[in-house]
Amino acid sequence: MPIKVLPEEIAARIAAGEVIERPASVVKELVENAIDAGATEIKVESREGGRRLIRVIDNGSGIPADEVELAFQRHATSKLSSVEDLEYIRTLGFRGEALPSIAAVAHVTMVTRWRDEAVGTLIRLEGGQVVGRERRGMAPGTVVTVEHLFYNTPARLKFLKAVATEAGHIYALVTRYAMAYPELRFSLVNDGRLIFQSLGTGNVREVLARVYGLETARELLAVESGEAEGTGGRWEVGLNGFVSPPSVHRGSRRDISLFVNRRWIHDRSLNYAVTEAYRTLLPVGRFPLVVLFLTMDPAAVDVNVHPAKAEVRFREAGAVFAAVQRAVRRTLLDRAPVPVIGHRARAGGPVWPGRQWRERQRRLPGQVGLEVQRTGDVEVRRQEEAPAGERLPMLRVVGQVAQAYIVAEGPQGLYLIDQHAAHERVLYEQLQAARAGRKNISQQLLEPQTVELSPEQAGVLEEHLPLLRELGFALEHFGGNTYLLRAVPAILKGTDPAGALVAVVEEMVAGNVPLGAEGEARLIASVCKQGAVKAGQTLSMAEMQALVQQLEAASAPRTCPHGRPTMIHLSADFLAREFGRT
Ligand code: ADP
Ligand code: MG
């Protein structure tokens, strides 16, 4: 066949396929248009998961009568005028593709009134062709009704999932926009039933309460909007939002919602940054609930990567990744409830911020005691964390809970020990002791393994190579960013050695680990983390006893090398009091 330019109708159908994948895509484009039009109230209605009907009603600017047809032409937009604009996108839409794409694969009716005109316009399109137009009296704003979606693209229709699934996608979409735009009022009516509504008060937590329930929303930890992070200057990333404490988790990644400049995006790498920040804090196979808003110079992010604009590309991807991981991790460490014995569950609080806890630990060297706090009428007595130097009494292992905690009994009551954190502590002290004694702590691999790194990872590895060698990694440069691994620290035996090395390096990259003593300690902690038993591992009685004995011998048994507690202690006194025996 000779080469020829495709007829407009076919080109439009192809473009539509990229933008409009399913009913929720239509909702997305219409809601974005409403937001771009300055609406303060956006009502979404769907029937049969959006196959039969989707309607979006907004009170935004409307479209002037003489531009209504134009709005349905391909590449027609009021949001861009120059190539430079493309570098600096502040609106949700800009490609001028949504309305023509929707019109190409459905029956569309739009009624719109420009705010400066007295009457509105009704226009009807079928398969992209205008089939009707008339004047209409209405309040300023726009109503778009989309019916019989994919009526002329049977292949697409066939790939649609069950009505409930499609309705679920629409629900996810509307609620995400409500989170990103808490100052706007959203409502979603599904098959005649109001299933979601936000009040437009500007309070994100209030929107989250309507999506996830009051209890869950209350527990979420706010990520402080604090200083911007990143490479400094123009490409800095502002971060705020909410993350779940380790006690709240979900069965899938679905409730990790990321937004860039208030655009809901899907980004595997950032998603990974978030879940990594929770590593060892959540049970295996569980995921956090996260709603994170990234703010950056529009020029620092390319949103014109994908027709549906759900994927973006960052100018400084590494810095964005690190900023996200750091912010989430810091929020968890600073704000997550630390061992509180007592009324928490019943009284809905109190929460002991970790920072406060650590500061007190620093302030009170050598002092162990009880602290009395009043929270409302609930008196909370809390065993002061023992200072780092205090050793553990002899403990008797009782068993394992949730494949994550060891239950032990001691002279002063019950101890719940986090197996991973405890093992990290033990390995950390072993490694430090061996280093100090210049003992050989290296274990030769049966066969050398090649480790391929990214340029960034290789750079960081080179920086820390002397210390890595001191810890027992035998590494040779193997050309490019590839290394040959011949030996690893003995504490890593039983792990995937190359994987462990990459994980350590990755943590260095993400954590911006400084050189010097602090960096050294962090790198060593990171190696120990790889070698430690994980939550989710079943331990035998003998293994638990060995671990607890080693912990008893540790000089700072109560915190892991990252500063988290290794155990919660419920004193005999406390138990007696709780059971009403005293
Ligand atoms: P884009 O949003 O990329 O500009 P669309 O095809 O979604 O492209 O819309 C084309 C144009 O129609 C928009 O630029 C805008 O001017 C106008 N428009 C669409 N929807 C609305 C709306 N709800 N209110 C006001 N104007 C709208
Ligand atoms: Mg648009």
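Measure off, as a whole percent, the carbon and sulfur share of the 1.4 Å-probe accessible area of the chain, all protein chains present. Ligands and nucleic acids excluded, carbon and sulfur reach 51 percent. In this simple spin-label approximation, Leu446 and Thr582 carry label points 7 Å from Cα along the Cα→Cβ vector, and these lie 5.6 nm apart.
When the square roots of the Cα gyration tensor eigenvalues are ordered a ≥ b ≥ c, the ratio a/c for region 532-582 is 1.5 or more and a/b exceeds b/c, which makes its shape prolate.
Computed with the Debye formula from one identical point scatterer per Cα of region 1-138, without solvent, the log10 of I(q)/I(0) at q = 0.11 Å⁻¹ comes to -0.42. Computed on the chain, the Cα convex hull volume stands at 214 Å³ per residue.
Sites count as exposed loop sites when they are GluC sites (Glu not before Pro), lie in a DSSP loop, and have at most 16 other Cβ atoms within 10 angstrom; the longest stretch of the chain without one is 391-582.
Please label the shape of region 476-582 as rounded, prolate or oblate, based on the square roots a ≥ b ≥ c of the eigenvalues of the alpha-carbon gyration tensor (a/c under 1.5 means rounded; beyond that, a/b larger than b/c means prolate, else oblate).
Verdict is prolate for region 476-582.
Summing Cβ point charges (Lys, Arg +1; Asp, Glu -1) relative to the Cα centre of region 522-582 gives a dipole of roughly 260 debye.
The trypsin sites (Lys or Arg not before Pro) of region 448-494 that DSSP puts in a loop, and whose beta carbon has at most 14 other beta carbons within 10 Å, are Lys493.
Electrostatic tally near Arg51: other residues with Cβ closer than 11 Å to its Cβ, Lys and Arg +1, Asp and Glu -1, net +2. On the basis of the beta-carbon distance and an R0 of 35 Å, Arg279 and Leu484 show a calculated FRET efficiency of 0.80. Counting 0.36 nm for each residue step from Ser269 to Val401 and taking away their Cα separation leaves a gain of 44.3 nm. Across region 395-400, rounded Karplus estimates of 3J(HN,Hα) from the backbone phi angles (6.51 cos²θ - 1.76 cosθ + 1.60, θ = phi - 60°) give 10, 10, 6, 9, x, 10 Hz, Gly and Pro being marked x. Once the C-beta distance of Ala433 and Glu18 is scaled by a Förster radius of 60 Å, the resulting FRET efficiency is 0.50 to the nearest 0.05. Each residue of region 147-153 is assigned a 3J(HN,Hα), and the resulting list reads 10, 6, 4, 6, 4, 9, 10 Hz, derived from the Karplus form 6.51 cos²θ - 1.76 cosθ + 1.60 (θ = phi - 60°), x at Gly and Pro. Separation of region 492-506 from region 123-188 is 49 Å, based on Cα centroids. Highest average first, the peptides 243-251, 392-400 ordered by how many other beta carbon atoms sit within 10 Å of their residues are 243-251, 392-400. For a label point 7 Å from the Cα of Ala139 along Cα→C-beta, name the residues of region 63-99 whose backbone N is under 17 Å from it. Those under the cut-off are 63.
May I ask you to give the solvent-accessible area per residue for region 144-215, in square angstrom, as obtained with a 1.4 angstrom probe?
Per-residue accessible area for region 144-215 comes out at 47 Å².
Take the alpha carbon gyration tensor of region 127-249, find the square roots of its eigenvalues, order them as a ≥ b ≥ c, and report rounded if a/c is under 1.5; if not, report prolate when a/b exceeds b/c, else oblate. Cα axes put region 127-249 in the prolate bin.
Counting heavy atoms of the protein chains alone, Arg330 has an accessible area of about 100 Å² for a 1.4 Å probe. Counting only other residues whose beta carbon sits under 10 Å from that of Glu32, what net charge do I get with K and R as +1, D and E as -1? Local charge sum for Glu32: +1. Evaluated with a Cβ-only charge set (Lys, Arg +1; Asp, Glu -1), the chain carries a dipole of roughly 1360 debye about its Cα centre, given to the nearest 20.
Can you pull the semi-axes for region 1-63, root of five times each eigenvalue of the Cα gyration tensor, sorted largest first, whole Å?
That gives 30, 16, 8 Å for the three semi-axes.
For the chain, the number of Lys pairs with C-alpha atoms closer than 30 Å, counting only pairs eight or more positions apart or on separate chains, is 18. Projected label points at Ala118 and Gln412, each 7 Å from Cα along the beta carbon direction, are separated by 8.5 nanometres. Computed over the chain, the per-residue total of -39500 (n - 2.57) for DSSP H runs of n ≥ 4 gives a 222 nm mean residue ellipticity of -11000 deg cm²/dmol, rounded to 500.
Amide hydrogen proximity for Gln400: with H placed 1.01 Å from N in the peptide plane, the residues at 5 or more positions away or on another chain lying under 5 Å are Val407. Stretching the chain fully between Thr538 and Val189 yields a gain of 120.9 nm (0.36 nm per residue, less the alpha carbon separation).
Pairs of Cα atoms nearer than 8 Å and 6+ residues apart set the relative contact order; for the chain it is 10 percent.
What the Cβ-Cβ distance of Asp297 and Glu518 gives, at R0 = 35 Å and to the nearest 0.05, is a FRET efficiency of 0.65. Computed from the Kirkwood radius of its Cα pairs, the Stokes-Einstein diffusion coefficient for region 430-488 at 10 °C and 1.306 mPa s stands at 131 µm²/s. Accessible area per residue (1.4 Å probe, heavy atoms of protein chains only) ranks Lys43, Lys28 as Lys43, Lys28, with the largest value leading.
Which chymotrypsin sites (Phe, Trp or Tyr not before Pro) in region 480-582 pass both tests, a DSSP loop state and at most 15 other beta-carbon atoms within 10 Å?
Here the sparse-neighbourhood loop sites are Phe579.
Give me the net charge of Ile256's neighbourhood, meaning all other residues with Cβ under 13 Å from the Cβ of Ile256; Lys, Arg count +1, Asp, Glu -1. Net local charge, Ile256 excluded: +3.
The values are calculated or read from the model by the stated rules, or taken from the named source; none is laboratory data. Keep in mind that what you see is a predicted model, and the values were worked out from it rather than measured. Note that each Cβ is placed from the backbone with ideal geometry, even for glycine, and that neighbours are counted across all protein chains shown. The area values use the complete protein model at the heavy-atom level, side chains included, leaving out ligands, DNA and RNA. Shrake-Rupley method; radii C 1.70, N 1.55, O 1.52, S 1.80 Å.
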